[in-house]
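So the structure is just underneath, and the comments pick up after that.
The values are calculated or read from the model by the stated rules, or taken from the named source; none is laboratory data. Since the structure is predicted, the reported quantities are computational estimates derived from the model, not experimental observations. Please note: Cβ atoms are built from the backbone with ideal geometry, for glycine as well, and neighbour counts cover all protein chains shown.
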Amino acid sequence: YLPPKIGRKHKAHRQQLQQGKRWCKGEKGEGKRKGKGGRGKMGQDQSIPLVDENTPTQTLENRSVEAVAKYIKDGRARRIVVMTGAGISTSAGIPDFRSPETGLYANLARLNLPYAEAVFNISYFRSNPLPFYTLAQELYPGNYRPTITHSFINLLHQKGLLLKLFTQNIDCLEREAGLPDDMIVEAHGSFAKQSCIECKTPYPEELMKKAIREKSVPRCLSDSCDGLVKPEIVFFGESLPEEFFMNRHLPSQADLCIIMGTSLSVHPFAGLPQLCADETPRVLINQDQVGEVGSRTDDVLLLGDCDDGVKRLAEACGWLEELEEMWRRTAPEKAKEEEKPKKTRDEELEDEVEKLTREVEQSLKLGEAQYKWLENHVDNKLSRLQEEEKNGTLPESATTEPGKKGEQGAPSITLKPETAPNESNGDVLKLSSLLLEKKSSP
Ligand code: OAD
């Protein structure tokens, strides 16, 4: 897995777009990143050159927002497919992943993780679920208000124009904006369900909420398993949900595609825009040009903030007031009263991402502390066992199953150092068992 590069190179690229030049990532020396391939596994994207500004369009009158609005108003866009990523939620205060300053990965990169994306890697999760659960508490739905971009998607639905929303987001803000479940394909899963990563036994939602609230790592309820439980969010190394594959044909039936707030760097989602027919207009509303959107005759790039972009499009369609009214209704009562402007979006994102990073860092430190605790614990236990062996008072099971479930006094894997020990913590016990083996070996 190669981490993607977003940032300064995109600024150069934005300039080039304004100058109407052709561009591709390879030309800027960014290097082509090959996807992992493999049906349903996540990987990286690579880019191709943008369409020359003199190339005529096939469907739209021209490549402008007004032309897109006219196309919609003329009733030619009746099956709109929308594809979204973390960028549509940044104005709600949720950091995206790959923005250079305020993105989660750039900030996690300075921590003691093997690599930033490890927080969402299934192998890493197996060995240390704490950083993920630290983030989960913050990212768990319910803490944020939908953005006007989320309301815009709902507006398309209300007007009977939305064929499907494909989202990579796990924040559930589309639902909170009013979009019904059957309109949404959560390509990277969501917090809506949870199960054991080993035996897939479903885990009750109430218990998961409790675990997240208490910052503890839940375990499978089946006695014979005791595997780790996680929300059904797709991690690197896992397959996408069946519903993604069941709906993957829809972009080819769309008469308009709107892509917003995504770097299109994670496959197979990143391949969705390419499934639209060649002559189908595709609108990209994003800070940066991404993927191969911009390479076709009817691609329209609205580079900049998502909320601004959807407002421009809504205004051109004559829907702005309706959209703003719809969005106003998503505000909790408290927020409606409190009209005073707060921090800028970037300041809020910086605060949020710093908080998240600090918490993950703390959870990593806690992991180290637990290891040290275990080492001492194992030392003590070993000398006790040796002592008992010498005195001939040692029960047989103690020599054969040193890390057995139920061992007294093992510390829990929780995020709060002050939490009471939890005897049934499998990871700690496995570690304990390993340490004992290490100590017992000559
Ligand atoms: P990224 O962080 O990779 O990309 C977000 C994109 O949105 C970038 O191109 C930003 O420039 C842009 N952006 C950010 N804020 C914006 C705003 N207010 N207006 C316009 N554009 C904005 O996020 P995703 O593409 O969603 O997977 O990332 C894809 C997947 O990678 C995620 O689902 C996640 C991650 O690893 C998992 O964790 C499983």
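General observations
- Residue within the range 228-248 that is more than 23 Å from Ile94 (Cβ to Cβ) and more than 23 Å from the chain's Cα centre (by Cα) present: no
- Applying the criterion of being in a loop (DSSP other than H, G, I, E, B) and closer than 19 Å to Ile233 by Cα to the residues of the range 88-102, the residue that is farthest from the ligand (Cβ to nearest atom) is Ile94.
- Residue count for the range 275-288, restricted to those that are buried (at least 24 other Cβ atoms within 10 Å of the Cβ), near the ligand (Cβ under 10 Å from one of its atoms) and part of a loop (DSSP other than H, G, I, E, B): 0.
- Search result, residues across the range 138-158 that are touching a residue at least 24 places away in the same chain (Cβ under 8 Å) and more than 16 Å from the ligand (Cβ to nearest atom): Asn154, Leu155, Leu156, His157, Gln158
- Residue identified as within 15 Å of the ligand (Cβ to nearest atom), assigned to a strand (DSSP E or B), in contact (Cβ under 8 Å) with a residue 12 or more places away in the chain and of a type outside the set (Lys, Arg) among Leu301, Leu272: Leu301
- Condition check for Phe191: at pLDDT below 95 and of a type in the set (Phe, Trp, Tyr): yes
- Check on Ser265, farther than 30 Å from Lys210 by Cα and at pLDDT below 95: yes
- Scope the range 187-203; condition among the hydrophobic types (A, V, I, L, M, F, W, C), farther than 11 Å from Ile170 by Cα and either in a strand (DSSP E or B) or within 16 Å of the ligand (Cβ to nearest atom) (or both); matching residues: Cys196, Ile197
- Residues (touching a Ser or Thr at 6+ places or on another chain (Cβ under 6 Å) and either closer than 30 Å to Leu161 by Cα or modelled with pLDDT of 90 or more (or both)) located in the range 200-221: Thr201, Pro202, Tyr203, Cys220
- Of the residues Asn112, Asn62, the single one that is at pLDDT below 95, more than 13 Å from the ligand (Cβ to nearest atom) and in a loop (DSSP other than H, G, I, E, B) is Asn112.
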